[in-house]
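Participant: Before I ask anything, here is the structure I am working with.
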Amino acid sequence: MELQSITEALEQLRRKADDIVPLFFTMDPQRDTLENNWTPNLGDSAAIVKWGERTMAKAIHSMIRVKEEDRSLNFYKRAFDLDIADRFEFDDFTLVYLRNSEADFEVEFTINHEQAEPYSHGSGYGHLGVAVDNVDEEHARFKHLGFEPTNVKEFHRDGLLLAKFFFVQDPDGYKIEVLQKHGRYR
């Protein structure tokens with residue numbers, strides 16, 4: 001039976017390697033056949049999972065709307081060393097993706113070409129969070145750059161440091177939390 005052959009082949013792969021490429025199949029009981037529904041892109045590391053684990057969603061970007069692209073690019077470069085990874089211009093808007101070598105998570109700018117007024121964040125927006133090696137040095141650097149960071153704060157829980165951080169706002173008023181790499185914040 002075809003299903004038994006595939007099961008045996010997958011078991012052999014599991015024994016030979018810790019990481020395998022998952023394949024997803026459906027069984028048609030009427031015809032006793034299998035159909036391959038999806039084979040991941042082998043170049044996509046997120047598509048490769050450990051045997052027995054299911055593929056989980058991976059956070060890849062957070063989008064913010066910016067009014068003045070150059071001003072925002074300058075801020076994110078100087079503050080977080082983010083560079084343009086991709087840029088896509090459309091008739092009414094432009095998408096710009098920023099990242100640095102520390103992570104593959106990106107900040108996506110949406111620039112609406114006809115936007116004249118500053119954006120309103122409403123009551124739903126929270127903040128972006130970034131982790132740094134030395135929050136005190138970054139705080140001093142941000143002050144030197146004229147970014148007006150809030151004071152450095154520490155949160156303790158059960159007598160232990162949970163988080164050490166400060167906030168800064170980008171040119172469009174989005175809040176960014178800058179956290180010391182520690183504990184769960186890495």
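The values are calculated or read from the model by the stated rules, or taken from the named source; none is laboratory data. Fair warning: this is a prediction, and the values are worked out from it, not measured in the lab. No Cβ is skipped: glycine too gets one built from the backbone with ideal geometry, and neighbour counts run over all protein chains shown.
Participant: Which members of segment 109-133 meet the condition of being outside any loop (DSSP other than H, G, I, E, B) and of a type in the set (A, V, I, L, M, F, W, C)? Break it down stepwise before answering.
Facilitator: Just the residues of segment 109-133 that are outside any loop (DSSP other than H, G, I, E, B), to begin with: 109-112, 128-132.
Residues satisfying the conditions are PHE109, ILE111, LEU128, VAL130, ALA131, VAL132.
Participant: Just need a number here: residues in segment 73-107 that are over 29 Å from ASP136 (Cα atoms) and not β-branched (Val, Ile, Thr).
Facilitator: Narrowing segment 73-107 to residues over 29 Å from ASP136 (Cα atoms): 86-96.
So of that shortlist, the ones also not β-branched (Val, Ile, Thr) come out as 86-93, 95.
Here the count works out to 9.
Participant: Condition test on GLU154, is it exposed (fewer than 14 other Cβ atoms within 10 Å of the Cβ) and in contact with a Lys or Arg (Cβ under 6 Å, 6 or more places away or on another chain)?
Facilitator: When the stated conditions are applied, GLU154 passes them.
Participant: For the condition of a type outside the set (Gly, Ala, Ser), within 21 Å of the chain's Cα centre (by Cα), farther than 24 Å from MET63 by Cβ and surrounded by 14 or more Cβ atoms within 10 Å (Cβ to Cβ), what is the one hit in VAL130, VAL168, VAL178, VAL135? Walk me through it before giving the result.
Facilitator: On the way: VAL130 fails: farther than 24 Å from MET63 by Cβ; VAL168 fails: farther than 24 Å from MET63 by Cβ; VAL178 fails: farther than 24 Å from MET63 by Cβ.
None of the others qualify; the one that does is VAL135.
Participant: Continuing with the same structure: How about segment 62-93: which of its residues are of a type in the set (Val, Ile, Thr) and at pLDDT 95 or above?
Facilitator: Answer for segment 62-93, where residues must be of a type in the set (Val, Ile, Thr) and at pLDDT 95 or above: just ILE84.
Participant: Continuing with this model, one more query. Considering only segment 136-165, state which residues are assigned to a helix (DSSP H, G or I) and either basic (Lys, Arg) or farther than 19 Å from PHE75 by Cβ (or both).
Facilitator: ASP136, ARG141, LYS143
Participant: Given the conditions (1) surrounded by 12 or more Cβ atoms within 10 Å (Cβ to Cβ); (2) within 17 Å of the chain's Cα centre (by Cα), and given that THR94 satisfies all but one, which numbered condition is not satisfied?
Facilitator: With respect to (1) surrounded by 12 or more Cβ atoms within 10 Å (Cβ to Cβ); (2) within 17 Å of the chain's Cα centre (by Cα), THR94 is out only on (2).
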